[in-house]
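This report concerns only the one structure given below.
The values are calculated or read from the model by the stated rules, or taken from the named source; none is laboratory data. Since the model is a prediction, treat every value here as computed from it, not as a measurement. All Cβ positions, even for glycine, are placed from backbone atoms using ideal geometry, and neighbour counts span all protein chains on display. Calculation scope for accessible area: heavy atoms of the full protein, side chains included, ligands and nucleic acids excluded. Shrake-Rupley method; radii C 1.70, N 1.55, O 1.52, S 1.80 Å.
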Amino acid sequence: MILFIISLITFINCDCIPYGIRLSLGHYYSALNDINNYMTLTFNSQNICLDYVVQIITVSSIHNIQVNNYQLLNMTDIYKDSENIINYETYIYDVKFGQFDGLIEGKQYTFVIFWENTIISGPFYFSVPSKSLNYSSKFIVMGDMDSNWKLNTSKQTFDWFKNQITQTKFYDGIIYLGDMAYDLEDDNCIVGDNFLRNISLFTSHFPFMLTLGNHDSGKNDEFVYIRKSFATPRISEYDNQIKYNDFYSFQVGHAYYVQFHPYKIAYGNKDETYFNYTLFQMEQELRRIRLYENTSWLIVYNHYPFYCSNPDDGFCQDHYKKMKQFEDIFIKYHVDLCLAGHQHTYERDEPLAYNKIAQFDKYENNTYTNPKAPIYIVEGAAGNDEIMPDNIYPPKFYTKFQAAGDGIGILEIKNETHLYFEHRMSINDSIVDYLWIVKTKIVPDDDDDKVKDSIPIWVWILIGVGVLLIIALVIYCVLKNKKSKQTHDEFI
């Protein structure tokens, strides 16, 4: 008995117990369509441990996957030549699983983590989203959350998640709109470390698809901690020449989601290379989606709102001016919904184009039919100790609804013609606002932008060159005949 107690104490104190368990959607859902990467599972340990096994349990089978990929995140070394001294290190593990590990789209599973032939974490249930156009998807949308609980702010949202998990509710993922922990690298990164431990409550069940916020930048403004800690289907995993590596996109059901990180643009950095490349990435991806994917819905998200009602924040006054070229392509490629955080409230705005209310066929009972520009939603009310307004802001001409207090959004793609969004209060799960978008035309046939029927510019160039060659050949033949006739006359 004494030996059992001693061994139990040793086990509990073991530095190999995984923490911060978090799922993310893999490259099966990106343009790469990698069937071996439906999901990426990431977790941490205090020490290096090489014998982890993830076991995926289905109704009829068990699949064991050895965890081989790991890295040391040594924040002490990163800041060794800086005035910001940090003493922190952790080991980060990731494992990808997919079709060959027994996973099937649209099905539910359970996983546990073994170490030295002993279950040390789990079980955790999760579901595998489907790319089928017949699939109705559901995402949680939230942002701007800590887990310090000094003022007990975000605790209501954590309790909401606990209730969802107790009821075994399924979601395809969490769209997290930036700013976490407040701040990740504070107190020798202990704040970030605790945040990973706490969000494991729900990230172990629902894939966590984040964007980066200003509070995630770290002391050196390089976003090191967050970039190392969270897996996403970033382009940089497959193209190391791309330095602006936070851009990614993914498809679930009838919707494509595009995430980007305009941090420098938002804060007025004049780096034209950064601006132009970020804009280029966005346009190339939106164009690809509209030309080659069959999805109806296109949703873009980042941390910084183009439009919002806070009179004391400059973002709500003129950020749309900085982002005009992005707004150009959002309208050009028919983006349906733009999600952002940063403001610690909930706000739903009209369809907007260049700070004006855009046209739509009809608005009735919170339902827009065929809006001609994106609808903008701010969902930054998950709860934090920095500031949580008690009241809503004075509405602007485009503000349709606001709510103060801890809350989250639920985004559902019902089918190719119907999108639904609602905002719930964390404290009692009450729905305080909702929105429907209805499409009667899946791809609008605007006179000035026939995306589906557009002809690439290189085709026009080839046609032009061909016409010039034909003209040159005709001229050559005419001149040659004329010269030949002239010579014949002279001979006579």
- Task: Scan around Gly253 for amide H atoms under 5 Å from its own, H built in the peptide plane at 1.01 Å from N, and keep only partners 5 or more places away or cross-chain.
- Result: Ser130, Lys131, Ser132
- Message: Taking every pair of distinct Cα atoms and averaging 1/r, then inverting, what Kirkwood hydrodynamic radius in Å comes out for the range 174-225?
- Response: 11.3
- Item | Separation of the Gln325 and Glu89 label points, Cα + 7 Å toward Cβ, nm | 4.3
- Short version: ³J(HN,Hα) in whole Hz for each residue of the range 218-227, in order, from phi by Karplus 6.51 cos²θ - 1.76 cosθ + 1.60 (θ = phi - 60°), x for Gly and Pro, what are they? x, 6, 9, 6, 10, 6, 5, 4, 6, 5
- Put +1 on the Cβ of each Lys and Arg and -1 on the Cβ of each Asp and Glu in the range 152-244; which of Phe223, Tyr182, Ser200 then has its Cα farthest toward the positive end of the dipole? Ser200
- Protection proxy ranking of 52-63, 103-114, 337-348, 354-365 - average other beta-carbon atoms within 10 Å, highest first: 337-348, 103-114, 52-63, 354-365
- With charges only on Cβ, +1 for K and R and -1 for D and E, what is the dipole size of the chain about its Cα centre, in debye, rounded to 20? 1660
- When the Karplus curve 6.51 cos²θ - 1.76 cosθ + 1.60 is applied with θ = phi - 60°, which whole-Hz ³J(HN,Hα) does each residue of the range 206-213 get, with x for Gly and Pro? 10, x, 9, 10, 9, 10, 9, x
- Query: Taking 0.36 nm per intervening residue step and subtracting the Cα-Cα distance, what contour gain separates Ile387 from Gln108 on full extension?
  - Reply: 96.6 nm
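First obtain the Kirkwood hydrodynamic radius of the chain from its Cα pairs, then insert it into the Stokes-Einstein equation at 20 °C and 1.002 mPa s, and state the resulting D in µm² per second as a whole number.
Details: Rh = 24.7 Å.
Rounded to a whole number, D works out at 87 µm²/s.
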- Accessible carbon and sulfur surface of the range 54-188 relative to its total accessible area, %, 1.4 Å: 44
- Message: Quick query: amide H of Ala353 versus all other amide H atoms, modeled in the peptide plane; which residues come in under 5 Å with a sequence gap of 5 or more or a different chain?
- Response: Ala358
- For the range 246-316, average projected area of the Cα convex hull in nm²: 5.6
- Item | Full-stretch length increase - Gln66, Asp318 - with 0.36 nm per residue and alpha-carbon distance subtracted | 85.7 nm
- Query: Where the accessible area of the range 263-332 is counted over protein heavy atoms with a 1.4 Å probe, how much of it, in %, is carbon and sulfur?
  - Reply: 47
- Taking a probe of 1.4 Å and leaving out DNA, RNA and ligands, the range 1-144 shows per residue an accessible area in Å² of 49
- Hey, if you put +1 on the Cβ of every Lys and Arg and -1 on every Asp and Glu Cβ in the chain, which of Leu41, Asn391, Ser154 ends up farthest toward the positive end of that dipole? Leu41
- Protection proxy ranking of 430-440, 121-131 - average other beta-carbon atoms within 10 Å, highest first: 121-131, 430-440
- Looking at the chain, do any whole DSSP H helices span at least 30 angstrom along their long axis by alpha carbon and average -1.0 or above on Kyte-Doolittle, and which? 457-491
- Of the peptides 83-91, 209-217, 35-43, how do they stack up when ordered by the mean number of other Cβ atoms within 10 Å, highest first? 209-217, 35-43, 83-91
- Query: Relative to the Cα centre, what is the charge dipole magnitude of the range 93-226, using +1 at the beta carbon of each Lys and Arg, -1 at the beta carbon of each Asp and Glu, and rounding to the nearest 20 debye?
  - Reply: 760
